[in-house]
1. Say the dipole of the stretch 8-227 comes from +1 at the beta carbon of Lys and Arg and -1 at that of Asp and Glu; which of A140, W212, L46 then lies farthest toward its positive end?
2. Between R88 and E427, what is the spin-label point distance in nm, taking each point 7 Å from the Cα along the Cα→C-beta axis?
3. Which whole-number value in Å³ per residue fits the convex hull of the alpha carbons of the stretch 243-304?
4. Could you tally the net charge around F228, taking each other residue with its Cβ under 13 Å from the Cβ of F228, Lys/Arg +1 and Asp/Glu -1?
5. Please state the shape class of the stretch 1-48: rounded when a/c is under 1.5, otherwise prolate if a/b exceeds b/c and oblate if not, all from the C-alpha gyration tensor.
6. Work out how much length K143 to A453 would gain on full extension: take 0.36 nm times their residue separation and subtract the Cα-Cα distance, in nm to one decimal.
7. Placing one identical point scatterer on every Cα of the stretch 419-530 and ignoring solvent, what is log10 I(q)/I(0) from the Debye formula at q = 0.09, 0.15 Å⁻¹?
8. By how many nm would the segment from D264 to R486 lengthen if fully extended, with 0.36 nm per residue of separation less the alpha-carbon distance?
Amino acid sequence: MESNGRTVAELVAGRWGDHRPGLWFEERLLTHHEVAAGAAARAALLTDLLPPGAHIGVLLDNTPEYPLWLSAAALAGAAVAGINPTRRGPELARDILHTECRILVTERTHLPLFDGLELPGVRLLLTDAQEYDDLLAPYADAKPDATRATPEDRLLLYFTSGSTGAPKAAICSQGRLAAAGRSLAGHFDLGRDGVHYICMPMFHGNAVIADWAPALATGAGVALRRRFSASGFLADVRKYGATYFTYVGRAVQYILATDELPDDRDNPLRLGFGTEAGAVDAAAFQRRFGVRLVEGYGSSEGGAAVQWTPGTPAGAVGRAGPGLVVLDPETRAECPPAAFDSAGRLLNGDEAIGELVNKGPNPYEGYWRNPAAEAERRRDGWYWTGDLFYRDTDGYLYFAGRTDDRLRVDSENLAAAMIENILARYEGADAVAVYAVPDPVTGDQVMATIAVASGDFDPLDFAEFLLAQPDLGTKMAPRFVRVVERMPVTATNKIHRAQLRREGLECADPVWWRPPGNCAYRRLTAGDAEGPLAPTRGPSPVRRQGLEPRTR
């Protein structure tokens, strides 16, 4: 790790005079010095246009202008609001106006998004327009000056998605982003000779905090992909000599779905870091590409993080650090350690699963203009993550899902993430999501959506697969299975669980179900309304003709 800069501005200015390759984009290459010079020019323009501390919106694909404006805002003491280009109409206008953006940096291809929108007081800067070049021309000789920035200066406003309500704009200061970059660089032994491949969207915290910031801290190069492409992933990695990348959601599964070739292991990648790949896909990725994926956990707002270390058990995220506890949200009492049987089944989910809470110091800096959301995160003086976990007797933490994903069947808490990891072993599944559908008697029923590219689903084969999983408890087997050809995803390639929960059984896709006391799965029809939607006494064991259910 190269720099001890306390601010992002210092890290940006530190690249002045560094003529090594610094930023690759398509056929374009900028040196570190050229990136610092471009940031200085934009910072000077920004200083003339807006007062200190102002907000600018950036609605761009992953082009060089994105990191240039992040760097410029750092030098100018301004803040960047990452605007999601998949938002539309009033929702898009709300994001821009809520974060009080005085300038919106975008390009011509995105102009149709603003048709019919009223954005009073917002000036558009089109990065591919002549006016833009004319505005920057007087500042071509500017040099980066980091003295105007402090660690406490607000730098990022990035939206975190939720299942209800408008997205919340989490605040990240220069000091927190610089510290995060140094921490990840040190943890993974990232150095100045590496190349960080940024293919996740830069309006999302993952790309900026876990990929761009460590590169800035070490002086490593950055390679940008305009938009994530599974088919272009390996070619980009080889072209740019990428050694490190981050991922979110289904990106790894999309890459694994590409045609396998004999020379897939011939690549410079050393490490991938992200979330939601799952143990099955992580193992498949390492077998195919020879690259280790490290699943980490960190709340988007910065209030809690769990780091993987050597010796972490399979399925665990990492060991709980100081202050991190798993609490019962109702009693505020700490949940007891998880108990497992010899097959790895969680035996006491009702007691062991709770919300991860940080009782110690943390760098959470709040939400922009959203006191109600801040109060929800800060309760009893602690930081509540909104994520479910359980811990073993050695203090290792296991992710169980979002609090929105809570499953309670027959008075027993189940871990949606654990069920998903088991169902991901099913050979016909390209992706899996597990969530609850309400039942008036049992509380919840387990529903799974399985993406099958071919569209073919064999219910008998699936039932047999379930019987063969030694760590699948009787209450964990899905009562309902929705089959889709492609899993609905968010703009950051995360499975759109809120949409799946909202649609439930009322969807256009085929749904299979296990009627109480029946042998196996069959298609759900309109005539079944009095069956699966009526009160039941909980899932019956999965059976297949000629097979008896195992004792669990």
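1. Of A140, W212, L46, it is W212.
2. For R88 paired with E427, the spin-label model returns 4.0 nm.
3. Roughly 74 Å³ of hull volume per residue.
4. Surrounding charge for F228 is +2.
5. Note, shape of the stretch 1-48 comes out oblate.
6. Separation in residues times 0.36 nm, less the Cα-Cα distance, equals 106.3 nm.
7. These q points yield log10 I(q)/I(0) values of -0.22, -0.62.
8. Numbers: separation 222, 0.36 × 222 = 79.92 nm, distance 2.50 nm.
Here the answer is 77.4 nm.
Only the coordinates and a few stated rules stand behind these numbers; no lab work does. None of these values were measured; they are calculated from a predicted model. Note that each Cβ is placed from the backbone with ideal geometry, even for glycine, and that neighbours are counted across all protein chains shown.
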